[in-house]
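Notes follow the structure.
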Amino acid sequence: DTPRLLAGLGGKLPLDGMFKDWSWEAGAMYSKNTVTNLNRNSVADYGLQQALNGLTRQGDGSLKWNPNTPQNQRVYFNWFGLNEQAFADFLAIENPTTSSLQYNSYDFNASGTVGELPAGPIGVSIGAEIRKEKLADVQTDLNATSNIVGGSAGTSSFGSRDVTSIFAEVSVPVTSWFEFQVAGRYEDYSDEGFKDEARPKVGFKLRPLDWLIIRGSYSESFKAPDLAYLYTGSTTTFTSNQYLDPVTGSNDQIQIRVAGNPDLQPETTDTYYAGIAIEPQRGLLRGFSASVDFVNFKQTNLLAQLTDFYTYSDFLT
């Protein structure tokens, strides 16, 4: 289930003078994604043990565990052969687990001009955002105690985060052929150990000829680890395939344990951009547009799991 509600308002700022042409927008959003895995036809360890110890036949033909039934009157589960449907009906259970991720955000921005230069108005945009995130992964007692036959073992986990951001952008037409832009965003995360930093962006646009545009920019960006990367509880599973262990020479399924890492730091990226565009303003080619762009990303502290880089076979060898 993924409900999403968004409400917004906007209008002109009721101001005169320098801010007479300013407009504003504000919004609030609620979004939540909930996934319930019913895990039908799971088998609990205790149920299989009871079936191996022998069950009691009911009047309607179904089977039930009763420790007081004499052993010679019990019906025993056959591990090595076929069993009647009544055993499947006794053993099959639902083991529902639920995961959810919730977002609440509130934002406001205003934009307009703050003055005139010979080449045009100076544009300004400012804004702020508050965001709250919540993660919940609810496992059953059977998962927490590793009591599912052939199933994953894991505990419930919860996490949350508050983020406050402010941002601003200024566009200055220095001349009719040169314009530059300066922008920045500051974000404050509630995560322990995160540094609060402002991330800048600078850019320019040159039009040395009426049909030629040269542009470039440099910016820094920041991506915090997803809550699941930080707070997911420990889970234990086994691979569906067998893998060769080069040390022992055995071919076995591999036990895999996955857990969140609360010490992860954000990913950061420096982006360099340059481009040339041809846009004739008159003549036969008026309306024609062609461009060549170059972008370079320098990324640090990228987050990935083991299998994003290697298969299990690669890792073992």
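The values are calculated or read from the model by the stated rules, or taken from the named source; none is laboratory data. As the structure is a computational prediction, the values presented were derived from the model and not from experiment. We place every Cβ from the backbone using ideal geometry, glycine too, and count neighbours over all the protein chains shown. Heavy atoms of the whole protein, side chains included, go into the accessibility calculation; ligands, DNA and RNA do not. Shrake-Rupley method; radii C 1.70, N 1.55, O 1.52, S 1.80 Å.
For the reader, a short list of remarks on this structure follows.
- Counting charges near D162 (Lys, Arg +1; Asp, Glu -1) among other residues having Cβ under 14 Å from its Cβ returns a value of -3.
- Rolling a 1.4 Å probe over the protein heavy atoms leaves K64 with an accessible area of roughly 110 Å².
- Among the listed values (i) 51; (ii) 68; (iii) 48, the one matching percent of Cα pairs over 27 Å apart as calculated from this structure is (ii).
- Here the dipole of the stretch 140-281 is about 380 debye; that uses its Cα centre as origin and unit charges on the Cβ of Lys and Arg (positive) and Asp and Glu (negative).
- A 1.4 Å probe run over the chain, with the rest of the protein chains in place, finds 64 Å² accessible per residue.
- If the chain linking I122 and A277 were pulled fully straight, counting 0.36 nm for each residue of separation and taking away their Cα-Cα distance, it would gain 53.5 nm.
- Label-to-label distance for K132 and Y46 is 3.8 nm, based on points extended 7 Å past Cα in the beta-carbon direction.
- Charge dipole (debye, nearest 20) of the chain; +1 at Cβ of Lys and Arg, -1 at Cβ of Asp and Glu: 520 debye
- Ordering of 66-72, 153-159 by packing is 153-159, 66-72, highest average first (other Cβ atoms within 10 Å, averaged per residue).
- Projecting the Cα atoms of L5, F77, Y46 onto the dipole axis of the stretch 1-121, where Lys and Arg carry +1 and Asp and Glu carry -1 at the beta carbon, places F77 farthest toward the positive end.
- Protection proxy ranking, peptides 115-122, 142-149, average beta carbon neighbours within 10 Å, highest first: 142-149, 115-122
- For K223, the lysines whose Cα comes closer than 22 Å to its Cα, not counting residues fewer than 8 places off in the same chain, are K32, K132, K134, K195, K201, K298.
- Sparse packing (at most 14 other Cβ atoms within 10 Å of the Cβ) combined with a DSSP loop state is found for the following GluC sites (Glu not before Pro) in the stretch 1-100: E84, E94.
- Between the stretch 7-84 and the stretch 165-227, the alpha-carbon center distance in angstrom: 45 Å
- The distance separating the Cα centre of the stretch 103-142 from that of the stretch 269-317 comes to 25 Å.
- Stretch gain in nm, segment E197-E267, where the contour uses 0.36 nm per residue and the Cα spacing is subtracted: 23.9 nm
- Per-pair calculated FRET efficiency, R0 = 30 Å: R74 and A144 via Cβ, rounded to 0.05: 0.50
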